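Working notes, structure below.
The values are calculated or read from the model by the stated rules, or taken from the named source; none is laboratory data. Keep in mind the model is a prediction, meaning the values are calculated, not measured. Note that we place each Cβ from the backbone using ideal geometry, even for glycine, and neighbour counts take in every protein chain shown. Surface accessibility is based on the protein's heavy atoms, side chains included, excluding ligands, DNA and RNA. Shrake-Rupley method; radii C 1.70, N 1.55, O 1.52, S 1.80 Å.
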Amino acid sequence: LGPTFETLTSDLFQFDAAIKTLLMYSLLQRNTVTKTVTIHRLVQVVLRGRQPEEIQRVWAERVIGTMAQIFPLEETQVDYCQICEQLLSHALTCITLGEQWGGNEASRINLMSNVATYLLYRIRYAEARALYTQALSIGEHYLGSDHPLMAKTLHGIATLYFKQGKYKEAEPLYT
């Protein structure tokens with residue numbers, strides 16, 4: 001997430017000192033149970049408003065890339081539903097940011113597929129299908145139909161069809 005945050009995250013004492021200062025001024029809230037930090041909405045607005053567009057684009061790419069890495073991949077992961085539900089609104093915001101700013105399309109497609117897989121797992125078929133379809137469209141345009149992420153996305157759509165009992169639609173996608 002850039003040199004400043006890399007330094008902070010590599011030294012836990014520095015990180016805790018920075019967080020403690022921000023907490024003291026009520027600019028952040030820390031939840032030790034969920035291990036999350038929440039930035040006050042006004043702070044978010046001010047930070048965004050003071051950044052030039054190019055810096056906003058860089059941060060959007062960083063956040064999308066990070067979310068793509070931390071959003072769980074498979075239902076077999078411990079606490080899958082809890083982690084996904086906690087990250088879902090943030091992931092959807094990142095997907096919207098990607099639409100606004102563009103950037104690393106592979107990260108955005110990967111995130112979209114992971115979120116769609118979670119929605120499929122939660123039997124939210126319409127939302128899952130919309131994300132898979134969007135990921136497929138973006139991927140074909142930017143990455144080409146032979147990219148490995150396209151196989152992941154097609155597999156997700158096939159699984160969606162299979163779970164809905166649409167076996168004839170699922171078969172060619174699995175093939």
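Per-structure values
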| quantity | calculated |
| --- | --- |
| Flag if THR66 is under 20 Å from PRO3 (Cα atoms), surrounded by 13 or more Cβ atoms within 10 Å (Cβ to Cβ), among the hydroxyl-bearing types (Ser, Thr, Tyr) and at pLDDT 85 or above | yes |
| Among (1) open to solvent by less than 60 Å² (accessible area, probe 1.4 Å); (2) over 15 Å from ASN114 (Cβ atoms); (3) touching a Leu at 6+ places or on another chain (Cβ under 6 Å) - the single one GLN56 does not satisfy | (3) |
| Single unsatisfied condition, GLY103 versus (1) in contact with an Asp or Glu (Cβ under 9 Å, 6 or more places away or on another chain); (2) part of a helix (DSSP H, G or I) | (2) |
| Where a residue in segment 142-168 is of a type outside the set (A, V, I, L, M, F, W, C) and its partner, wherever it lies, is open to solvent by 60 Å² or more (accessible area, probe 1.4 Å) and in a helix (DSSP H, G or I), with Cβ under 6 Å and at least six apart | TYR161/GLU169 |
| Odd one out for GLY102 among (1) surrounded by fewer than 17 Cβ atoms within 10 Å (Cβ to Cβ); (2) modelled with pLDDT of 95 or more | (2) |
| Residue in segment 28-47 that is within 30 Å of HIS155 (Cβ to Cβ) and assigned to a helix (DSSP H, G or I) present | no |
| Index of the failed condition, SER10 passing every other in (1) under 30 Å from ALA128 (Cβ atoms); (2) modelled with pLDDT under 90; (3) open to solvent by 90 Å² or more (accessible area, probe 1.4 Å) | (1) |
| Failed condition for LYS35, given (1) closer than 28 Å to ARG122 by Cα; (2) basic (Lys, Arg); (3) surrounded by 13 or more Cβ atoms within 10 Å (Cβ to Cβ) | (3) |
| Every residue from segment 119-146 that is part of a loop (DSSP other than H, G, I, E, B) and open to solvent by less than 60 Å² (accessible area, probe 1.4 Å) | LEU143, GLY144 |
| Members of segment 74-96 found to be of a type in the set (A, V, I, L, M, F, W, C), more than 11 Å from the chain's Cα centre (by Cα) and surrounded by 13 or more Cβ atoms within 10 Å (Cβ to Cβ), listed by number | CYS81, ILE83 |
| Pairs, first over 10 Å from GLY103 (Cβ atoms) in segment 45-64, second among the small types (Gly, Ala, Ser), C-beta under 9 Å, six or more apart | TRP59/GLY2 |
| Condition broken by ILE83, with the remaining ones in (1) in contact with a Pro (Cβ under 7 Å, 6 or more places away or on another chain); (2) in a strand (DSSP E or B) satisfied | (2) |
